[in-house]
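Comments concern the structure below.
What follows is calculated from the coordinates using simple rules that are stated; it is not laboratory data. Since this is a predicted model, take the numbers as computed values, not measurements. Here Cβ is always computed from backbone atoms with ideal geometry, including for glycine, and neighbour counts include all displayed protein chains.
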Amino acid sequence: MSIIEEFNKRRSSGNEKILSEEFLPYKRFFALDKIAYQEGEIPRKYKELMGLVASTVLRCNDCIIYHIEQCIQSGATRSELNEALNIALVVGGSIIIPHLRVAYELIEELFST
């Protein structure tokens, strides 16, 4: 199973479990997150690139994987991903290099198909 297939399966299953609790604060947060990345004054692609930078600096591999997939689906090029991840490296420093490795494993997978 590919990195993205495994991630999406685990993410979907986890989200279903969380949302099945019928706990209103969870539902509100998930809705807010979805709305934040929709097309608006700032195009969705740029919002996803910002999400990728923030996720990398915060060192969340699941979030990095999610935002890379969304960036590519929104039309981001490999060069744009490189520039965004470079900003994350400058902001976050060398501590994020292991997370860059995760990012580039996925980038290789998604751009090779």
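Summary table below
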read-out	value
Residue list for the stretch 24-42, filter: touching a residue at least 12 places away in the same chain (Cβ under 8 Å) and either among the β-branched types (V, I, T) or outside any helix (DSSP H, G or I) (or both)	Y37
Candidate set from the stretch 67-113 (those that are under 14 Å from the mean Cα position of the chain (by Cα) and of a type in the set (V, I, T)); member that is surrounded by the most Cβ atoms within 10 Å (Cβ to Cβ)	I68
Residues within the stretch 26-43 that are under 20 Å from G14 (Cβ atoms) and surrounded by 10 or more Cβ atoms within 10 Å (Cβ to Cβ), tallied	9
Count of residues meeting criterion [without any contact (Cβ under 8 Å) to a residue 40 or more places away in the chain, closer than 26 Å to E39 by Cβ and either of a type in the set (A, V, I, L, M) or out of contact with any Lys or Arg (no Cβ under 8 Å at 6 or more places or on another chain) (or both)] in the stretch 81-113	11
Filter result for the condition that a residue is out of contact with any Asp or Glu (no Cβ under 6 Å at 6 or more places or on another chain), over 25 Å from G75 (Cβ atoms), assigned to a helix (DSSP H, G or I) and not hydrophobic (A, V, I, L, M, F, W, C), over E16, E48, E21, E5	E16
